[in-house]
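Here the structure comes first, spelled out in structure tokens, and everything after it is commentary.
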Amino acid sequence: MTVIDSVRSYGPVVYDIRRNKEPLDLKKQILGGLSSSDPELPSLLLWDDEGLRLFDAFSKTPDYYLRSKEMEILEHHVEDMAERIPPGSALIELGCGTLQKTGALLSALERQGKNVSYYALDVSPEELAAGLSILFETFGSSKHLDIRGLLGTYEDCVAWLASQSGIKRATAVNFLWMGNSIANFDFFGASSLLSRFVDSCFASKMPCQFLVSIDACPREDKILQAYNPDNRSLSEFILNGLRHANSVLGQEIFQVDEWKCVTKFDHRDRTLKVYYSPRRDIDSDIDGKRFAVNAEQGILAITSGKWVETDVHAMSAKAGLRVVDVWRDTDQAYSFNPW
Ligand SMILES: C[S@@+](CC[C@H](N)C(=O)[O-])C[C@H]1O[C@@H](n2cnc3c(N)ncnc32)[C@H](O)[C@@H]1O
């Protein structure tokens, strides 16, 4: 493990926990996804530094209710959430993004006088450093909180937790996972990742718990409005994934202005699906390997599940976890679930 780039000489340390620093793996995933009968590109392509900035702008648009609902729940219940975090424990925020909601929970921990080591995990180095430096301005002189960053994927974090020694001084590990990011996985993917986190903590002899936000919006019209591709912020965020793919592939395979963003709601699994959609049929090749995408079909960019309560219980049970409490917004459509 290397320590990279502390933001300022007195700023928070960021640990580089990536096991694979080369984009080769991503290239393999791109080629695999494009050759599938239901073509897809890895959702990680969306989350480079530029992608995070574009997502941040999109998430602040008025129809994207997820952010405001989450802020509403934090405003009303953050003290109860902080109560659940034991003193002496570590708090790892998975896929922390630009870290704009985190301060509410850290402030509550500070008010409660709890010693907690906070780690922000994400895959985009610049945005991670920038978000951490802002948090550090508020909490850098705290007697109770340590603020650090982890550069890597969820999988890197699973491996890091199982192997590394620094965090073993923590009495327990709490995972904070906001933005409905858990539902970017399907049920099996989500429960399997949760169990791997539990196993890693277990291997390091630390109990763990999760505080996860989930979008259970029952209204399809509201969901489709939130992810309306006519919203330029959404299509700019999504199409940046093609630019990132070009950069990983080392050639301009995707002419970005020949593509648009399309969204569909799949009733079978209550999942919003976002596609890269070509304006005309595409027949191209990468390293001599042919791929074809017709304008109707498109390429899957990312999914966002809208799980109802029974789904959440079933998914957690599969991971060997149990929902112990739920905090909801006033429409009862968005929730924070501690497991
Ligand atoms: C929907 S955004 C949510 C951001 C932030 N948590 C929020 O609530 O606004 C998903 C975040 O997860 C990160 N992410 C996506 N896939 C990841 C992975 N495999 N490992 C680590 N972080 C990931 C992205 O970079 C992004 O910051």
Selected residue [of a type in the set (Gly, Ala, Ser) and part of a loop (DSSP other than H, G, I, E, B)] from Gly97, Gly103: Gly97
Single residue of Ser213, Ser200, Ser195 found to be among the hydroxyl-bearing types (Ser, Thr, Tyr), in contact (Cβ under 8 Å) with a residue 12 or more places away in the chain, away from the ligand (no atom under 12 Å from the Cβ) and crowded, with 17+ Cβ neighbours inside 10 Å: Ser200
Identity of the residue in segment 187-215, outside any helix (DSSP H, G or I) and of a type in the set (A, V, I, L, M, F, W, C), that ends up farthest from Val312 (Cα to Cα): Met206
Looking only at segment 124-165, and only at residues there that are small (Gly, Ala, Ser) and within 30 Å of Ser191 (Cβ to Cβ), the one that is modelled with the lowest pLDDT: Ser165
Residue in segment 19-34 that is within 30 Å of Asn115 (Cα to Cα), at pLDDT below 95, assigned to a loop (DSSP other than H, G, I, E, B) and within 16 Å of the ligand (Cβ to nearest atom) present: yes
Selected residue (only one of Ser89, Ser141, Ser133, Ser163 is surrounded by 16 or more Cβ atoms within 10 Å (Cβ to Cβ), in the same structural domain as Lys205 (by TED's automatic domain parsing) and out of contact with any strand residue (DSSP E or B) (no Cβ under 7 Å at 6 or more places or on another chain)): Ser133
Selected residue (criterion: farthest from Arg243 (Cα to Cα)) from residues of segment 267-317 that are outside any strand (DSSP E or B) and polar (S, T, N, Q): Thr310
All positions within segment 114-134 that are aliphatic (A, V, I, L, M) and either in a strand (DSSP E or B) or in contact with a helix residue (DSSP H, G or I) (Cβ under 7 Å, 6 or more places away or on another chain) (or both): Val116, Ala120, Leu121, Val123
Test for Glu72: is it assigned to a helix (DSSP H, G or I), without any contact (Cβ under 8 Å) to a residue 12 or more places away in the chain and more than 13 Å from the ligand (Cβ to nearest atom): no
Among residues of segment 107-128, those that are surrounded by fewer than 23 Cβ atoms within 10 Å (Cβ to Cβ) and farther than 20 Å from Ala159 by Cβ, counted: 9
Any hit, segment 170-181, residues being away from the ligand (no atom under 12 Å from the Cβ) and among the polar types (S, T, N, Q): yes
Count of segment 99-109 residues which are away from the ligand (no atom under 16 Å from the Cβ) and in contact with a helix residue (DSSP H, G or I) (Cβ under 7 Å, 6 or more places away or on another chain): 2
Cross-chain or 6+ apart pairs with Cβ under 8 Å, segment 36-50 first and touching a residue at least 40 places away in the same chain (Cβ under 8 Å), then of a type in the set (S, T, N, Q) and within 9 Å of the ligand (Cβ to nearest atom): Ser43/Asn184; Leu44/Thr153; Trp47/Ser124; Asp48/Ser124; Asp49/Ser124
All positions within segment 283-299 that are surrounded by fewer than 19 Cβ atoms within 10 Å (Cβ to Cβ) and either at positive phi or under 23 Å from the mean Cα position of the chain (by Cα) (or both): Asp287, Gly288
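So that you can scan it fast, the table gives a plain yes or no per residue for (1) free of Cβ contacts under 8 Å to residues at least 24 places away in the same chain; (2) farther than 23 Å from Ile214 by Cβ:
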| residue | (1), (2) |
| --- | --- |
| Ala245 | no, yes |
| Asp257 | yes, yes |
| Lys260 | no, yes |
| Val274 | no, no |
Residues of segment 135-144 satisfying the condition of being without any contact (Cβ under 8 Å) to a residue 40 or more places away in the chain and either part of a loop (DSSP other than H, G, I, E, B) or within 16 Å of the ligand (Cβ to nearest atom) (or both): Ser141, Ser142, Lys143, His144
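The values are calculated or read from the model by the stated rules, or taken from the named source; none is laboratory data. For clarity, every value in this text was computed on a predicted model and none was experimentally measured. Glycine gets a Cβ as well: all are built from the backbone with ideal geometry, and neighbour counts include every protein chain shown.
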